[in-house]
Amino acid sequence: MLDRRGFLTVSALLPSLPLAMMASDDPSFPGLIVRESEPQNLEYPFAALNKPVIPQEHFYVRNHFAVPTIDLDSWRLRIEGHIDKPVALSFDEVLKLPAVTKMLTMECAGNGRVYLVPKAKGVAWQLGAVGSAAWTGVPLNALLGTAGVKAGAVEVILAGADRGTVNEDPKSPGPIAFARSLPLEKAKKAEVLLAYQINGEPLTPAHGYPLRAVVGGWYGMASVKWLTKIIVTDRPFAGFWQTMDYTIFERRHGLPVMSPITAMLVKSSIARPLAGEVVGAGSAYRIRGAAWSGESPVLKIEVSTDAGKTWAEAKWDQGPDAFAWRLWHFDWPPAAKGKHALMARATDAAGRTQPLQRDPDRRTYCVNHVIPVEIEVR
Ligand SMILES: Nc1nc2c(c(=O)[nH]1)N[C@H]1C(S)=C(S)[C@@H](COP(=O)(O)O)O[C@H]1N2
Ligand SMILES: [Mo]
């Protein structure tokens, strides 16, 4: 099937095939890990990380509901609310607007949840609900300019075409659409795109075809897929994923206040070795991983091979970027035989360092504390 620009959309031909079964350009790729099959929730096998750009067919998938069926002819992007003039654009009209391409890293706020003690409810992500890609689309700010934001506007709600009923308490009052808001200030930033391409390809249905938001620097829940409606408001949005799911406690005057999750926290993850891996004594082993932070470049990456007693700096594979992760490596001559706990910790340009301890204010989200990787040298 050809899309409007004549691109072959593989996924349009195979709408019911799980992503994990789709053809890949990399025969060594082990496939995505199925965390849930309906709705589809697929994790990137983090140990496979060997280049900074994740191809679309390897990119993790986080869906709350079934992928909506979109008819491109009747599809419109509508801008409503606290604006001068309502806007309704066809997909062809969106494609004609000036576009930009940016490398942006996106991490699900639940990534790493499986490492929480006690065991937390929710999708049991390990390290791989994160990815980085080159996204192409229209800056949200340009569309807000066309609509004319009125004085007194505070937020921009982004709503998707997917709908469903939340069946766990607190249950939703029937089917609701996935929606999330951004403060107007963030919505106007250059890193907030309405994207229709990833790595130069049209989006697949799983990743939001035909158009999705990509909110650079923020956890993934802000990057609303299957975007059809943008509502500018003069008061804070209190939707389900704004006030129930995807919230953490923030301390205000010492009191914990439920607050929507926003920017990604500074984090690094070790891709190799895997926990439990056996490493040969004597030969140098290359420890590899990635590090990122929201809205700030990561500048320092340290590795400990003795459970945090001593730390040494690792080497970066890419230059600093405020919105994209950097891969790193550390060449370790594993001398002593026996068990070792490997750790990595990143520091960003704002001076924030990854903590060693879990902060319980973050509920089951924003897992960025250092997670030791226990291996054995033989
Ligand atoms: N409409 C819609 N947008 C959505 C979601 C969703 O379920 N519906 N999931 C969000 C979450 S929680 C994440 S982490 C990202 C994941 O994007 P991806 O599936 O392309 O990796 O999409 C976000 N946008
Ligand atoms: Mo997410």
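Would you pick out the residues in the stretch 211-250 that are more than 12 Å from ligand 1 (Cβ to nearest atom), under 26 Å from residue 102 (Cα atoms) and among the small types (Gly, Ala, Ser)?
216, 217
Please tell me if residue 84 is surrounded by fewer than 20 Cβ atoms within 10 Å (Cβ to Cβ) and within 19 Å of residue 158 (Cα to Cα). Lay out the reasoning, then the answer.
Values: surrounded by fewer than 20 Cβ atoms within 10 Å (Cβ to Cβ): yes; within 19 Å of residue 158 (Cα to Cα): yes.
Yes.
Could you say which residue among 109, 66, 99 is open to solvent by less than 30 Å² (accessible area, probe 1.4 Å), aliphatic (A, V, I, L, M) and in contact with a strand residue (DSSP E or B) (Cβ under 9 Å, 6 or more places away or on another chain)?
That would be 109, the only listed residue that is open to solvent by less than 30 Å² (accessible area, probe 1.4 Å), aliphatic (A, V, I, L, M) and in contact with a strand residue (DSSP E or B) (Cβ under 9 Å, 6 or more places away or on another chain).
In the stretch 158-192, which residues are basic (Lys, Arg), assigned to a loop (DSSP other than H, G, I, E, B) and in contact with a helix residue (DSSP H, G or I) (Cβ under 7 Å, 6 or more places away or on another chain)?
Answer for the stretch 158-192, where residues must be basic (Lys, Arg), assigned to a loop (DSSP other than H, G, I, E, B) and in contact with a helix residue (DSSP H, G or I) (Cβ under 7 Å, 6 or more places away or on another chain): just 188.
The rows are residues; the columns are (1) open to solvent by 20 Å² or more (accessible area, probe 1.4 Å); (2) out of contact with any strand residue (DSSP E or B) (no Cβ under 7 Å at 6 or more places or on another chain); (3) of a type in the set (Gly, Ala, Ser).
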position: 158; (1), (2), (3): no, no, no
position: 171; (1), (2), (3): yes, yes, no
position: 174; (1), (2), (3): yes, yes, yes
position: 179; (1), (2), (3): no, no, yes
position: 195; (1), (2), (3): no, no, yes
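Could you grab me the full set of residues in the stretch 223-280 that are open to solvent by less than 40 Å² (accessible area, probe 1.4 Å) and part of a loop (DSSP other than H, G, I, E, B)?
Answer for the stretch 223-280, where residues must be open to solvent by less than 40 Å² (accessible area, probe 1.4 Å) and part of a loop (DSSP other than H, G, I, E, B): 223, 224, 225, 226, 239, 246, 261, 264, 266, 273, 277, 280.
Residues that are over 22 Å from residue 218 (Cα atoms), more than 15 Å from the chain's Cα centre (by Cα) and at pLDDT 95 or above: list the strands (runs of 3 or more DSSP E) wholly contained in the stretch 1-113 that include at least 3 such residues.
Values: elements: 33-36, 41-43, 77-81, 87-89, 100-107.
By residue number, 33-36, 77-81, 87-89.
Could you tell me which numbered condition residue 332 fails, if it satisfies all but one of (1) under 28 Å from the mean Cα position of the chain (by Cα); (2) more than 30 Å from residue 215 (Cα to Cα); (3) surrounded by 12 or more Cβ atoms within 10 Å (Cβ to Cβ)?
(1)
The values are calculated or read from the model by the stated rules, or taken from the named source; none is laboratory data. Everything quoted here is computed from the prediction, not taken from an experiment. So basically every Cβ, Gly included, is an ideal-geometry build from the backbone, and we count neighbours across all protein chains shown. The area values use the complete protein model at the heavy-atom level, side chains included, leaving out ligands, DNA and RNA. Shrake-Rupley method; radii C 1.70, N 1.55, O 1.52, S 1.80 Å.
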